[in-house]
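No lab work stands behind these numbers, since they all come straight from the coordinates. Source: prediction; values computed, not measured. Every residue, glycine as well, gets a Cβ built from its backbone with ideal geometry; the counts of neighbours run over all protein chains shown.
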Ligand code: GDP
């Protein structure tokens, strides 16, 4: 697995215990329970009933993929590849069809190249962007705790000066995860607080600055301009993580598509995976936005953020 630091996880953390791994897999499995229930059950029925992979079997598979919000475009592509394969050499029954499907999903999820710009000098600056309510503030707090667990020092920057209570909410997360936070008053200039945060991080040699930004729609040009100003302020901007609510499925994807162009997004955090049967959206993101899913949110607590692992995800979905 490639980590957030661009190293193989086993290089970064050689001491990863099998138990810890086990915990990770079972948490991923739990998180996609609802998606698996609707998706995998249909596919397993199909596998059990299919001796010969014919057009009817492929159409059943197509319907199953569409219900999990993998999307028309991605589903069509997967089906075309399987159909081609079936034409060239017979697919030997449902079990092989499922195996080929898993391989297809994995290829799609692993395709987006992940940028791992690690600055020569700390801090690394990561923006969390997205529309209101997707989980930006919560994810900022969880990510701070996750990075702390990786022995990285973290500074939180409360740059959502727009939404009432966002600063207080982030303050609670900062206290919980035991990291410092730089803030200004509500309505203050987010670029100024960002400048303060990066200066403080530089002076204190802090590894990571996480910037919680105001929720915005790509259509709100004032707020997008503000984001652009912040991007210029953070001359050393290294990651822009778009926080996307998995429960919004294909609608969220549409929003993300436009957002990605406007905000220079480098990766996705897919939140609320625990509360949806639309987990297939992760596949659509990789295929259609050509962006890596970096983390998934699997609950409301501090530890409910998992680094995304395509193989674990596919196994959890279809295992
Ligand atoms: P923001 O407006 O983007 O900053 O969104 P918030 O961080 O305030 O989150 C909005 C709501 O979503 C809150 O009630 C969070 O507890 C909830 N939330 C965020 N991430 C997750 C997640 O991964 N799973 C679940 N179940 N809820 C989440």
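Restricting attention to the stretch 273-285, which residues are closer than 12 Å to residue 296 by Cβ and either buried (at least 24 other Cβ atoms within 10 Å of the Cβ) or away from the ligand (no atom under 13 Å from the Cβ) (or both)?
Passing the criteria: 273, 279, 281, 282, 285.
Filtering the stretch 147-191 down to residues that are under 28 Å from residue 225 (Cα atoms) and exposed (fewer than 15 other Cβ atoms within 10 Å of the Cβ), which residue is nearest to the ligand (Cβ to nearest atom)?
165
Here's the yes/no breakdown for (1) out of contact with any strand residue (DSSP E or B) (no Cβ under 9 Å at 6 or more places or on another chain); (2) more than 16 Å from the ligand (Cβ to nearest atom); (3) within 16 Å of residue 270 (Cβ to Cβ):
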{"site": "97", "(1), (2), (3)": "yes, yes, no"}
{"site": "103", "(1), (2), (3)": "yes, yes, no"}
{"site": "108", "(1), (2), (3)": "yes, yes, yes"}
{"site": "113", "(1), (2), (3)": "yes, yes, no"}
{"site": "121", "(1), (2), (3)": "yes, yes, no"}
{"site": "131", "(1), (2), (3)": "no, no, yes"}
{"site": "135", "(1), (2), (3)": "no, no, yes"}
{"site": "141", "(1), (2), (3)": "no, no, no"}
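Do you know which residues across the stretch 166-187 are out of contact with any helix residue (DSSP H, G or I) (no Cβ under 9 Å at 6 or more places or on another chain) and not in a helix (DSSP H, G or I)?
Within the stretch 166-187, just 187 meets the criteria.
For the stretch 85-106, give me each residue that is without any contact (Cβ under 8 Å) to a residue 12 or more places away in the chain and in a helix (DSSP H, G or I).
If the condition is that a residue be without any contact (Cβ under 8 Å) to a residue 12 or more places away in the chain and in a helix (DSSP H, G or I), then 87, 88, 99, 103 are the ones that fit.
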